[in-house]
1. Which net charge results for the neighbourhood of S29, defined as the other residues with beta-carbon distances under 13 angstrom from its beta-carbon, given Lys and Arg at +1 and Asp and Glu at -1?
2. State the extension gain, in nm to one decimal, for the chain segment bounded by S160 and S132, taking 0.36 nm per residue of separation less the distance between their alpha-carbons.
3. Apply the Karplus parameterisation 6.51 cos²θ - 1.76 cosθ + 1.60, with θ equal to phi minus 60°, to every residue of the range 329-342 and state each ³J(HN,Hα) to the nearest whole Hz, in sequence, with x for glycine and proline.
4. Using amide H atoms built in the peptide plane, which far-off residues or other-chain residues are under 5 Å from V290 H to H?
5. Using 7 Å Cα-to-Cβ label points, what is the R256/K171 separation (nm, one decimal)?
6. Count the lysine pairs in the range 28-166 that are 8 or more places apart or on different chains: how many have C-alpha atoms under 22 angstrom apart?
7. Ordered by residue, what ³J(HN,Hα) values in Hz, to whole numbers, does the range 12-27 give under the Karplus form 6.51 cos²θ - 1.76 cosθ + 1.60, where θ = phi - 60° and Gly and Pro are x?
8. Calculate how many DSSP beta bridges within the range 28-166 are antiparallel, expressed in % of all such bridges and rounded to the nearest 5.
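Derivation of every value follows stated rules applied to the coordinates shown; laboratory data play no part. Not measured: the values here are computed from a predicted model. Here the Cβ positions follow ideal geometry from the backbone for every residue, glycine too, while neighbour counts run over all protein chains shown.
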Amino acid sequence: MPTASISLVRTTLHSRLSHFVAWIEADASRVEEIREQRDRVRQRISGQAKDDGLQIVSTPDSGSFAKATGLRRHFRGDCEVEGQDVDVPFVVKPVTTDDEKLDQLLPRFERYARDSFPTTEIEPTKSSIRLSFDGTKLQYDLVPLLEVPGVPDEQILIRSTGERRRTSLKKHNSFVVDRTRRSNEIAGAVCFNEVVRLLKWWREIRVADGQGLEDVPSVLIDLLCAYAFDQRGVAKTYGETLADWFGFLASAVRRRQRIVFSDFTRNVPAPVAGVAWEVLDPANMDNNIVNAWSTLQIDVLAEWLADGRDSLNRAIGRDLDGDDSAALDALVEVFGTPIIHHSEEES
């Protein structure tokens, strides 16, 4: 790892992490602008769908933008890239069988997007249509979902494999927002949603290293952080909180601790035999987020978390010794080289 240069003015570990959080988090000054642009996208796409005979029953808030856990920047390959993703779901009431098929819905939404925004870069993904507006560093993902008749706060997520999953965007939002609110009531400067951001960045650094996991889904990061918060709370500083959460989660994952939540129901299903590990979706207890994970993948995640714990504890120790350079070197092991350049107050 690159060695950090020694600063003439000491920068404490908590201060470094606070500045780094500010560097990766969404730009607060642009939140209203993003909302307005998202609403314009909703309006135009919904208008195209109506003209095409496709019934859109709602366009609920969703994703990291709604939860205030999104990143303004990402780590791709071996460098940082500016850009923020905003989900724009469209809940469809099927009239024909084609209205229920993702391979039929996506081309229609792509056509709506091209007709509505002819000069915008448009790219189909496995489950959405992505719009990238020039100069804004913003990407809007148009995500078709199906309604659950008679249950307006629930939707059916359609996957490219044809699998369907019942979910609730509203419940997922409140699951995170509630914990952020509760963390703000605890003495200290640590917010739940900001720790989620830090773990999302850590995830991107580890995935970029290519050491055993191609991806750790954001929903899994949300649930692991929620489990750590529910069991451990937050400390007064980011360093203490991260070291504690990494250690707690490393042990839980290594032991294959079953992770469930009672936010929306107390009727928790019995464990499923033969499944390596269970992390249940709080909005749908029948959905095990890690159902397809192998034993090797689970072990890799546990190892990553243990490495994070060790590096954070080392950073805390060096910080207490007054050795800023060694503390920063330990942080680089967790958050990559960008933290060297973006963890001090900009002059």
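1. Working: positive: R30, R35, R72; negative: E25, D27, E32, E33.
Once all neighbours under 13 Å are counted, the net charge is -1.
2. Working: separation 28, 0.36 × 28 = 10.08 nm, distance 2.18 nm.
Here the segment from S160 to S132 would lengthen by 7.9 nm.
3. Each residue of the range 329-342 in turn: 4, 5, 5, 4, 4, 8, 10, x, 4, x, 5, 4, 9, 10 Hz.
4. So V290 has HN proximity to V279.
5. The answer from the label model is 2.6 nm.
6. On the way: K50/K93; K50/K101; K67/K137; K93/K101; K93/K126; K101/K126; K126/K137.
So the count works out to 7.
7. Result, rounded to whole Hz: 5, 4, 4, 4, 4, 5, 5, 5, 5, 4, 5, 6, 8, 6, 4, 6.
8. Details: 22 of 31 bridges.
Restricted to the range 28-166, the bridges split so that about 70 percent are antiparallel.
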